[in-house]
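S.K.: Submitted below is the structure of interest, expressed as structure tokens.
No value in this document is a laboratory result; all are computed from the given coordinates. Note that the structure is a prediction, hence the values are computed from the model and not measured. Methodologically, a virtual Cβ is constructed for each residue, glycine included, from the backbone with ideal geometry; neighbour enumeration extends over all protein chains shown.
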Amino acid sequence: MSGELVDWQIERAVTAFLFLEAELQDDRAFDAWLELLDPELRYVVPVRTTRPEGQGPELSDVMFHFDETKATLTMRVDRLKSGDAWAEVPPSRTRHFVTNVRVAAGPAPDTVAARSNLLFTRVRGDETVLQTLTAERRDVLRRADGSWRLLERVVRLDATTLPVYNLAFFL
Amino acid sequence: MLSAGRQDLAAARLAEAAELLDGGYVPSWIYHDPLLFELEKERLFGHTWVFLAHETELPEPGDFVVRSIVDDSVLLVRGNDGEARAFLNQCRHRGSRLCQAEVGRAKNFTCIYHAWSYNREGKLVGVPYDKVIYKGIDRDTLGLVPVRVESCEGLIFGCLDDAAPPLDEYLGDFRFYLELVTRRSAAGMEVVGVPQRWIVEADWKIASENLVGDAYHTPFSHKSTFDVGLLPFSSADARPGGSKTGLHVQAGLADVAMIYRRPGTFMGYPPEVVETLRSRIGDRQRALLDHGTGTGDGVFLNRFHLFPNLSCLNVAAVIDDRLDPYCSIRLWQPRGPGVMEIYSWLLVERDAPQEFKDASRRAYIVSFGPSGMLEQDDMENWRTISATAQGTASGAVPQYARMGAENDIVPIADWGGPGTAYPTQYFDLPTVTFLKRWVEHLQKGAAA
């Protein structure tokens, strides 16, 4: 990611935002996590394919593993809280490791663009083999009423065929 | 090939399974068993038609996808003559995997080891230094090893057995019902982008049986989706006698689940789609669609499973008070004992407005696929079945598949379509039929 460095205070605020978001998810404080989402959020996890070099993007622009608005993410959170979402009853232990945070000016006033690397792990029950996913996240954050909120997220997974049996969590 | 000793063991275990199934019981161990996996590769998937791709995934000459039939990588490529052909994805020289990409377009396929290259029709067209080092290599006999390919309604299947009956015969009566899904658009159906793929530590048969005919799990496994209002019907509709569990059809090698529809309703599809469908199917199909159930109601086909491992789901989701339908075909690809890779394609009507396609995609993704609110819970269920199947004692436990056995469920007498239709989805006959067919294939393979 090239371009002018943003003000260090903004970079620090964005990093703190991403770490807080990770903490809320890993603590299953999903309602508080939803508070960090802009009402106009678009959140996508495109399907990746291996293509011959130079033949178009590996990430599909029409098919996704997640293709969400704040409304559908809220529905997913409501489901997880219902007690009948068997994929996460009892809950798994998840960990979002967020590194390599790069912050640049965003596409509009009051926005910043942030890229970060994500290592996601899940332990379900007494399983001893970590379920893992790795990705680069490309986010746009928007500041409104003095707070940063997530306006756009593209999770660029490294995996084509997912090595996890479901995505009953958020990336 | 299995050793003679292993073959004898297999025969004994299959006989034991068949006997249990006759009584309406399912042996638990079949959902995770190394010997069975070997048998399935050799005797079932080596001889049957297996779904590879939809024709819209390779629209132009040179377009290719790499798929597989269990553990054989298969390269499916459209030739310059417009024909889609399949080959083992393996160089004839030293056996390297020829194509490393999963999807793309190629003029030729060149091996990375010694640069032998093959054209879009699988013919060997390039052998470096051939005049010097081979003194006249016979290129005609060293083309890629072909895999039989036939298609129906845009669905391309492959078969590793040249002696197997043609696809049309394989599909048989099922084709009548398949067309109710594929003929809703004058331009045909198309795949939205690429399939989702993911690995699940569950046997492919469990997933298949769920789509063959497990209406019973819906109100319980998927309770949370009723709670949050995702489904376009209530939990009561999914109970025995409910409006969404009305019909099951066994047609050829397929199982088809249907629901009654009131005039003017079609799972949220716009009226044009219904009119297009009506104009592109035969009189008998039209009559069934409109009022062929014996009760005078029309039908909507919302699920099918084609033996061995291809399923289709055609339902709808409610998001933001909108009802949006989606149609997904899914392949339960065996990857090892108790492990499968799921391929799930979203199909849409090719001539539908973009807005419909986008809404259909969102409805599908929130419901099915690895993040789907329904499918997430299925994965959790299914993998525990393959897990318990490994237990020394648990594996020997017969599972209870006698739902409906005492209920005297009689076929619908004046059913308007081929096959046999039953007035409920709450019975285990489809599951037992599926597993008996599976046993028969494994036993038949031994004789061949």
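S.K.: First check a/c for the range B:1-149, with a ≥ b ≥ c the square roots of the eigenvalues of its C-alpha gyration tensor; if it is under 1.5, answer rounded, and if not, answer prolate when a/b is larger than b/c or oblate otherwise.
M.R.: Taking the square roots of the gyration eigenvalues as a ≥ b ≥ c, the range B:1-149 is prolate.
S.K.: Using θ = phi - 60° and the Karplus relation 6.51 cos²θ - 1.76 cosθ + 1.60, list the HN-Hα couplings for the range B:61-73 in order, rounded to whole Hz, with x at every Gly or Pro.
M.R.: After applying 6.51 cos²θ - 1.76 cosθ + 1.60, I find x, x, 5, 9, 9, 9, 10, 8, 10, 6, 9, 9, 6 Hz.
S.K.: If you place +1 on the Cβ of every Lys and Arg and -1 on the Cβ of every Asp and Glu, how big does the dipole about the Cα centre of chain B come out, in debye to the nearest 20?
M.R.: Magnitude of the dipole: close to 1000 debye.
S.K.: Alpha carbon centre of the range A:13-90 versus the range B:329-350: separation in Å?
M.R.: 23
S.K.: Express as a percent, rounded to the nearest 5, the fraction of DSSP beta bridges in the protein assembly as shown (both residues included) that run antiparallel.
M.R.: 95
S.K.: What is the sum of charges around B:Asp297, taking Lys and Arg as +1, Asp and Glu as -1, for the other residues whose C-beta is under 15 Å from the C-beta of B:Asp297?
M.R.: Charge balance near B:Asp297 sits at +1.
S.K.: OK, next. Could you state the principal axis extents of the C-alpha atoms in the range B:1-49, from the largest down, to the nearest angstrom?
M.R.: Ordered largest first, the range B:1-49 gives principal extents of 31, 29, 17 Å.
S.K.: Of the residues B:Ala287, B:Ala393, B:Ala15, which exhibits the maximal mean-square fluctuation in a Gaussian network model of chain B defined by a 10 Å Cα contact cut-off?
M.R.: B:Ala393
S.K.: Output the relative contact order of chain B, whole-number percent, from Cα pairs under 8 angstrom with separation of 6+ residues.
M.R.: Relative contact order comes out at 21 percent.
S.K.: According to a simple spin-label model (label point 7 Å from Cα along Cα-to-Cβ), what is the distance in nm between A:Gln55 and B:Val397?
M.R.: The two pseudo-label positions are separated by 4.9 nm.
S.K.: Still on this structure, please answer the following. Tell me, what ³J(HN,Hα) does each residue in the range B:272-281 have, in order and in whole Hz, if you take phi through Karplus 6.51 cos²θ - 1.76 cosθ + 1.60 with θ = phi - 60° and put x for Gly and Pro?
M.R.: 4, 5, 5, 5, 4, 4, 4, 7, 10, 10
S.K.: Could you work out [θ]222 nm for the protein assembly as shown from helices alone, using -39500 (n - 2.57) per DSSP H run of at least four and dividing by all its residues? Round to the nearest 500 deg cm²/dmol.
M.R.: After summing the helix terms and dividing by the residues of the protein assembly as shown, the value is -8000 deg cm²/dmol.
S.K.: Which net charge results when you count Lys and Arg as +1 and Asp and Glu as -1 among the other residues whose beta-carbon is under 9 Å from that of B:Trp438?
M.R.: It works out to a net charge of +1.
S.K.: Let me ask something additional. When Lys and Arg each count +1 and Asp and Glu each count -1, what net charge do the other residues less than 15 Å away from B:Val315, Cβ to Cβ, add up to?
M.R.: Net charge around B:Val315: +3.
S.K.: Might you report the magnitude of the Cβ-based charge dipole of chain A about its Cα centre, with Lys and Arg at +1 and Asp and Glu at -1, to the nearest 20 debye?
M.R.: Charge dipole of chain A: 220 debye, to the nearest 20.
S.K.: Run the count for chain B, please: Lys pairs, Cα-Cα under 17 angstrom, 8 or more apart or on different chains.
M.R.: Lysine pairs satisfying the spacing and distance rule in chain B number 6.
S.K.: Please report, in cubic angstrom per residue, the volume enclosed by the convex hull of the alpha-carbon atoms of the range A:60-100.
M.R.: 125
S.K.: In µm²/s, what is D for the protein assembly as shown at 10 °C and 1.306 mPa s, where D = kT/(6 pi eta Rh) by Stokes-Einstein and Rh is the Kirkwood radius from Cα pairs?
M.R.: 61
S.K.: Follow-up. Determine the distance separating the Cα centre of the range B:240-292 from the Cα centre of the range B:13-78; give it in Å without decimals.
M.R.: Distance between centres, Cα-based: 29 Å.
S.K.: A follow-up question, please. Name the longest site-free stretch of chain A, where the excluded sites are GluC sites (Glu not before Pro) in a DSSP loop with no more than 11 other beta-carbon atoms within 10 Å.
M.R.: So the longest stretch without any such site is A:54-126.
S.K.: In peptide A:67-73, what is the residue-averaged number of other protein chain Cβ atoms found within 10 Å of each Cβ?
M.R.: That average works out to 4.
S.K.: Work out from phi, with θ = phi - 60° and the Karplus expression 6.51 cos²θ - 1.76 cosθ + 1.60, the ³J(HN,Hα) of each residue of the range B:82-97, listed in order in whole Hz, and give x for Gly and Pro.
M.R.: Each residue of the range B:82-97 in turn: x, 7, 8, 10, 10, 9, 4, 7, 8, 5, 6, 7, 10, x, 5, 5 Hz.
S.K.: Between B:His114, B:His54, B:His248, which gets the highest mean-square fluctuation from a Gaussian network model of chain B, Cα cutoff 10 Å?
M.R.: In the Gaussian network model the winner is B:His114.
S.K.: Here's something else I'd like to know. Using +1 at the C-beta of Lys and Arg and -1 at the C-beta of Asp and Glu, which of B:Phe226, B:Leu277, B:Ser151 has the Cα lying farthest in the positive direction of the dipole of chain B?
M.R.: Sorting the options by dipole projection puts first B:Ser151.
S.K.: Can you classify chain A as rounded, prolate or oblate using the Cα gyration tensor, where a ≥ b ≥ c are the square roots of its eigenvalues, rounded means a/c under 1.5, and otherwise it's prolate if a/b beats b/c and oblate if not?
M.R.: Because a/c hits 1.5 or more and a/b fails to exceed b/c, chain A counts as oblate.
S.K.: DSSP loop trypsin sites (Lys or Arg not before Pro) in the range B:64-135 with at most 10 other Cβ atoms within 10 Å of their Cβ, which ones?
M.R.: Qualifying residues, ordered by number: B:Arg94, B:Lys135.
S.K.: What's the magnitude of the charge dipole for the range B:16-78 around its Cα centre, counting Lys and Arg as +1 and Asp and Glu as -1 at the beta-carbon? Answer in Debye, nearest 20.
M.R.: Using only the charged Cβ atoms, the result is roughly 160 debye.
S.K.: What does the C-alpha gyration tensor say about the overall shape of the range A:73-171? Classify as rounded when a/c is under 1.5, otherwise prolate if a/b is larger than b/c, or oblate.
M.R.: Oblate.
S.K.: Note the direction-averaged projected area, equal to a quarter of the hull surface, for the Cα convex hull of the range B:312-379, in nm².
M.R.: 4.9
S.K.: Projected onto the charge dipole of the range B:326-423 (+1 at Lys/Arg Cβ, -1 at Asp/Glu Cβ, origin at the Cα centre), which of B:Pro423, B:Val397, B:Gln354 gives the Cα projection farthest towards the positive end?
M.R.: Positive-most Cα among the choices belongs to B:Val397.
S.K.: Just B:Glu19, B:Glu341, B:Glu102 to compare: in a GNM of chain B, with alpha carbon springs under 10 Å, which one fluctuates most?
M.R.: Most flexible of the set in this elastic network: B:Glu102.
S.K.: Something else: Need one value for B:191-201: mean number of C-beta atoms belonging to other chains within 10 Å of its residues' C-beta atoms.
M.R.: Mean shielding count: 6.
S.K.: Within the range B:192-227, which residues have the backbone N less than 12 Å from the label spot 7 Å out from A:Thr74 along Cα→beta-carbon, could you tell me?
M.R.: It comes to no residues whatsoever.
S.K.: Can I ask one more? What three numbers, in Å, describe the spread of the alpha carbons of chain B along their principal axes, ordered from the longest?
M.R.: 76, 56, 39
S.K.: In the protein assembly as shown, with Lys and Arg counted as +1 and Asp and Glu as -1 at Cβ, which of these residues, A:Val112, A:Phe66, B:Met267, has the Cα nearest the positive end of the dipole, that is, farthest along it?
M.R.: It is A:Val112.
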